[in-house]
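Written out below as structure tokens is the structure these notes cover.
The values are calculated or read from the model by the stated rules, or taken from the named source; none is laboratory data. What you see is a predicted model; the values in this text were computed from it and never measured. As a convention, Cβ positions derive from the backbone with ideal geometry for all residues, glycine included, and neighbour counts pool all protein chains shown. We work out accessible area using only protein heavy atoms, side chains counted, and drop any ligands, DNA or RNA first. Shrake-Rupley method; radii C 1.70, N 1.55, O 1.52, S 1.80 Å.
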Amino acid sequence: YTFSLNDVLPIWRVSMKEALELAMLLSTTKNFPFENSASVKYPMLATAAIQFASRAYPNIVKGSDVVKGKVVGEATSEKTKKAQRVAKYMSYQCLEEMEEWEEQLDIALTCLPILGCSFKKTYWDAGLGRNVSEYRPAQNVVINYFAKSLTTAQRISDTIEYYPNEI
């Protein structure tokens with residue numbers, strides 16, 4: 001059996017939507033075995049996602065060392081010191097200047113076990129005059145389905161919804 005991309009994407013979107021609804025414990029009316037019967041849901045998926053995030057977060061944020069520098073090429077003392085300075089400044093940016101960085105990381109880590117993948121987008125926001133880092137759900141990130149990896153994909157697009165007055 002051969003399949004096309006159009007066959008796979010709707011199934012993926014439906015599965016993602018069902019997983020989110022299950023994790024958010026949305027109540028639905030249940031008509032089996034009788035009309036308006038109880039629909040109790042145990043928050044196992046939500047609990048597991050929160051536990052995953054609470055265990056992963058301290059492994060990413062260890063004190064004030066978030067970013068680590070790596071020397072490319074021959075490691076001289078000058079390059080090593082420069083990498084340490086860059087890492088220290090970028091860690092400062094993440095923890096102090098980017099007000100939303102920790103909160104958005106927490107959201108990404110909570111959604112990761114539910115959805116299977118999670119993205120963070122970091123960019124310069126001219127309106128705020130600083131770097132911004134925000135969680136982007138997998139539904140909003142568009143890449144070629146047949147790309148071998150994110151680093152070799154020719155294009156990675158982000159679907160952003162705006163209110164009419166923002167356009």
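General observations
- From Val40, Val61, Val86, Val72, residue being modelled with pLDDT of 95 or more and either surrounded by 13 or more Cβ atoms within 10 Å (Cβ to Cβ) or farther than 28 Å from Thr159 by Cα (or both): Val86
- Applying the criterion of being open to solvent by less than 100 Å² (accessible area, probe 1.4 Å), β-branched (Val, Ile, Thr) and at pLDDT 90 or above to the residues of the range 144-167, the residue that is farthest from the chain's Cα centre (by Cα) is Thr152.
- When Tyr135 is tested against (1) open to solvent by less than 40 Å² (accessible area, probe 1.4 Å); (2) closer than 23 Å to Leu25 by Cα; (3) in a helix (DSSP H, G or I); (4) not polar (S, T, N, Q), only condition (3) is not met.
- Screening Pro33 on (1) in a loop (DSSP other than H, G, I, E, B); (2) open to solvent by less than 100 Å² (accessible area, probe 1.4 Å); (3) touching a Lys or Arg at 6+ places or on another chain (Cβ under 9 Å) shows it passes everything except condition (3).
- Given (1) open to solvent by 70 Å² or more (accessible area, probe 1.4 Å); (2) without any contact (Cβ under 8 Å) to a residue 60 or more places away in the chain; (3) more than 30 Å from Asn144 (Cβ to Cβ), number of the condition Glu18 does not satisfy: (3)
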